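Taking it in order: structure first as structure tokens, then the write-up.
The values are calculated or read from the model by the stated rules, or taken from the named source; none is laboratory data. Remember, predicted model here, so these are calculated numbers, not experimental data. Cβ: placed from backbone, ideal geometry, glycine included. Neighbour counts: every protein chain shown. Just the protein is used for accessible areas: all its heavy atoms, side chains included, with ligands, DNA and RNA removed. Shrake-Rupley method; radii C 1.70, N 1.55, O 1.52, S 1.80 Å.
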Amino acid sequence: MERYRDMQLFAALASQPSLASAARRACVSGPTLVRAIARLETRLHVTLLQRSTQGVSLTDAGSAYLADCQRLLASVDAAEASAKGSHAQAQGTLRVFLPLLFSRYLMAPVLADYLERYPNVRVMARYHDYDPNLHEDGLDVAILVGALPSSALIARPLGHVRQILCASPDYLTAHGEPRHPSELKQHQLIASADQVRWEFPGYLLKARARLGCSTVQGAINAAVQGAGVVRCLSYPLHEPLHSGQLRRILPAFEGPPLPVNVVYREGRNAPMRVRSFVDHCVAALRGHPAFQLA
């Protein structure tokens, strides 16, 4: 800290006609300024000031060092201003982690609205279906479905979702509505793989899928058209359920709800771009119809 202060005092010499005026500019006494310059000359092993009967002037080394001091001090001031600005204003690059399906069904309008509200923030979104390590993956914010992987994360709850079963009214009219998960073996099942392994409280269903779909949306579309029974998380189903295209079945055998949280690391010390995005997600998603099915 003493070295930094000495550099500040030496920089006070810029555009000043004398040591006395430089000391007044730095709000210190003349002897204090002289001692600071002496420490710098001792540390650098060079002469910074040329002393004569006419006064003092900068040596060539002193002039070069003064320019370097001014540049370095300006960089420090700029860094501090940037840090204060990122904490007080939403700006810079925000790295966000989103579950693939959650983003597909809920996050697109939330992201678009956030970008419109905060034009100085650049968002880099990553889409995966695993639990990230925010520090190791270089992420600022993540939305997680299920139990939190780390208690060190700051979490803001958004709602709950759960695995639910659905089929179209026409399909249920034609094939009947199951009353127990074991009766699903007599139904046309839509799944992401050939083998169905659906866990229910007190029962494990093992069966063959009649229709395999590589995407959840494909499975939902097939169920809407009457192809069979589909099981997935509740948030992509709220629209077809609300419109009556699908009907929820076996609700008494659904598992416990899964929490959905927006998480980040720094708490109150988080920059404004992080805090603004977290607040925006909470305002936009808490109470969303997709969470009312849980």
Looking only at residues that are under 21 Å from E177 (Cβ atoms) and either modelled with pLDDT under 90 or under 30 Å from the mean Cα position of the chain (by Cα) (or both) in region 220-239, which one is most open to solvent (accessible area, probe 1.4 Å)? R231
Count - residues of region 114-136 that are in a loop (DSSP other than H, G, I, E, B) and either within 19 Å of L233 (Cα to Cα) or more than 14 Å from the chain's Cα centre (by Cα) (or both): 6
From (1) in contact with a Ser or Thr (Cβ under 9 Å, 6 or more places away or on another chain); (2) open to solvent by 70 Å² or more (accessible area, probe 1.4 Å); (3) not in a loop (DSSP other than H, G, I, E, B), pick out the condition that doesn't hold for R273. (2)
Look at S243 and say whether it is free of Cβ contacts under 8 Å to residues at least 12 places away in the same chain and polar (S, T, N, Q). yes
So A152 fits all but one of (1) hydrophobic (A, V, I, L, M, F, W, C); (2) open to solvent by less than 50 Å² (accessible area, probe 1.4 Å); (3) not in a strand (DSSP E or B); what number is the exception? (2)
Working only within region 87-114, note down all residues that are in contact with a Ser or Thr (Cβ under 7 Å, 6 or more places away or on another chain) and over 14 Å from V278 (Cα atoms). G92
Regarding region 44-60, can at least one residue be identified that is assigned to a helix (DSSP H, G or I), surrounded by 14 or more Cβ atoms within 10 Å (Cβ to Cβ) and at pLDDT 85 or above? no
Yes or no: L139 in a loop (DSSP other than H, G, I, E, B) and under 20 Å from M107 (Cβ atoms)? yes
Any idea how many residues of region 186-221 are among the aliphatic types (A, V, I, L, M) and either assigned to a loop (DSSP other than H, G, I, E, B) or in contact with a Ser or Thr (Cβ under 8 Å, 6 or more places away or on another chain) (or both)? 5
From V121, V110, V161, V145, which residue is in contact with a Lys or Arg (Cβ under 6 Å, 6 or more places away or on another chain) and either of a type in the set (S, T, Y) or modelled with pLDDT of 80 or more (or both)? V121
Out of L101, L94, L111, report the one residue that is in contact (Cβ under 8 Å) with a residue 60 or more places away in the chain and assigned to a helix (DSSP H, G or I). L101
Test: residue in region 245-261 that is under 21 Å from N133 (Cα atoms), at pLDDT 90 or above, open to solvent by less than 20 Å² (accessible area, probe 1.4 Å) and outside any loop (DSSP other than H, G, I, E, B): yes
Against the condition closer than 21 Å to L106 by Cβ and surrounded by 14 or more Cβ atoms within 10 Å (Cβ to Cβ), how does V196 come out, does it pass? no
For L184, are the conditions met, namely being within 20 Å of P240 (Cα to Cα), hydrophobic (A, V, I, L, M, F, W, C) and surrounded by 13 or more Cβ atoms within 10 Å (Cβ to Cβ)? no
Which residue out of L189, L204, L184 is more than 29 Å from the chain's Cα centre (by Cα) and without any contact (Cβ under 8 Å) to a residue 40 or more places away in the chain? L204
Find the residue count for region 155-172, including only residues that are closer than 24 Å to H288 by Cα and open to solvent by less than 20 Å² (accessible area, probe 1.4 Å). 8
